[in-house]
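The values are calculated or read from the model by the stated rules, or taken from the named source; none is laboratory data. Bear in mind the structure is a predicted one, so any value in this text is a computation, not a measurement. A quick note on method: Cβ atoms are made from the backbone with ideal geometry, for glycine too, and the neighbour counts reach across all protein chains shown. The protein model used for the area step is the full one, side chains on, heavy atoms only, and it has no ligands, DNA or RNA in it. Shrake-Rupley method; radii C 1.70, N 1.55, O 1.52, S 1.80 Å.
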Amino acid sequence: MRKKQLEIFLSNLKEMEDPDMFEEQYTTPGDIAAEIVLFAYHRGDLEGKTIIDLGAGTGRLGIASLLLGAKKVYFVEKDKRAIEILSDNLKTLTLKSNQILGEYEIRDGDVLNVLLRGDTIIQNPPFGTKKRNMDTKFLKKAFEIGDVVYSLHKKGNYDFIRNVALENSFELVEKESFKFPIKAMFEVHKKRKVMIEVELYRFMRCYDGSEWRD
Ligand code: SAH
């Protein structure tokens with residue numbers, strides 16, 4: 001699937017009408033979601049792999065992964081309203097995409113308690129501005145359950161996040177910057193949007209070397 005097609009498909013999916021600002025429910029825009037997932041695809045982290053979309057919301061990242069050939073996608077989300085929209089979006093995916101898709105499963109529950117194992121974790125976690133350290137908690141869970149992790153963060157915490165990774169035997173190997181539109185914090189009722197700078201990080205599990213010896 002070409003990038004433009006993917007962007008259009010994702011942009012036409014349903015979004016949360018009334019996102020919960022306390023849960024930092026920011027839907028990833030279609031063009032950024034397409035870019036994130038293509039970035040992972042070109043590094044061999046998607047096709048034929050088991051993907052876990054943590055804090056899946058309405059599902060754009062996981063749906064894009066299915067469109068690019070993921071073997072299976074787990075969508076983990078705790079908000080019932082988001083899950084309803086996600087289910088509708090998955091129906092649209094099945095109806096509208098004219099390709100053979102991998103399997104998918106929705107896990108209704110808290111990311112921090114999930115017991116799963118995947119190859120690649122993709123997440124746009126709460127940035128931790130409303131609930132402190134939520135981004136770090138998501139990251140630690142991702143490091144527990146995957147071997148490669150893609151995670152979106154507010155710009156400015158690169159060194160801190162690299163250290164969190166190292167403490168959990170992961171290395172921050174690449175980054176990509178984006179401008180991300182969110183509703184202004186004190187302007188919720190006016191629906192004003194502001195652009196914030198975010199960074200996508202790619203992490204890989206570090207091995208101690210013994211695994212590589214014959
Ligand atoms: N991945 C989606 C949504 C990102 S917003 C996208 O890119 O469009 C973050 C999502 O994480 C929200 O839907 C919110 O409800 C969910 N979330 C926040 N804390 C959570 C938790 N502890 N367990 C499960 N989901 C959580």
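Quick notes on this one:
- Low-density loop positions, trypsin sites (Lys or Arg not before Pro), the range 78-122 - DSSP coil, at most 12 other Cβ in 10 Å: R117
- Pairs of Cα atoms nearer than 8 Å and 6+ residues apart set the relative contact order; for the range 80-147 it is 32 percent.
- Computed [θ] at 222 nm, deg cm²/dmol, the chain (DSSP H ≥ 4; -39,500 (n - 2.57); rounded to nearest 500): -10000 deg cm²/dmol
- Placing pseudo-labels 7 Å out from each Cα toward the beta carbon at E197 and K175 gives an inter-label distance of 1.0 nm.
- Sparsely packed trypsin sites (Lys or Arg not before Pro) within the range 1-38, loop by DSSP, other Cβ within 10 Å at most 12: R2
- Cross-link pairs beyond the 23 Å C-alpha cut-off, checked among K154/K193; K72/K179; K71/K137; K155/K193; K78/K141: K72/K179; K71/K137
- Shape class of the range 88-127 from the alpha-carbon gyration tensor: prolate, with a/c at 1.5 or above and a/b greater than b/c.
- Average Cα contact separation per residue, the chain, under 8 Å, 6 or more apart, as relative contact order %: 17 percent
- Prolate/oblate/rounded call for the range 79-145, Cα gyration tensor, a/c under 1.5 rounded: prolate
- Largest mean-square fluctuation among E84, E15, E167, in a Gaussian network model of the chain whose springs join Cα atoms under 10 Å apart, belongs to E167.
- Heavy-atom accessible area order for E103, E174, largest first, 1.4 Å probe: E103, E174
- Within the listed set I196, I106, I121, the Gaussian network model of the chain (springs between alpha-carbon atoms below 10 Å) gives the highest mean-square fluctuation for I196.
- Mean-square fluctuations from a GNM of the chain, with a 10 angstrom spring cutoff on Cα atoms, peak among L13, L116, L46 at L116.
- Estimated from the Cβ-Cβ distance and a Förster radius of 25 angstrom, the FRET efficiency linking R132 and D108 is about 0.50.
- Stokes-Einstein diffusion for the chain, with the hydrodynamic radius set to the Kirkwood value over Cα pairs and evaluated at 25 °C in a medium of 0.890 mPa s, equals 141 µm²/s.
- In Hz, Karplus ³J(HN,Hα) per residue of the range 14-23 (6.51, -1.76, 1.60; θ = phi - 60°; x = Gly, Pro): 6, 10, 5, 6, 9, x, 8, 5, 5, 8
- Given +1 at the Cβ of Lys and Arg, -1 at the Cβ of Asp and Glu and no other charges, the dipole of the range 6-92 around its Cα centre is 500 debye to the nearest 20.
- Looking at the chain, the DSSP beta bridges with both ends there are about 50 percent antiparallel.
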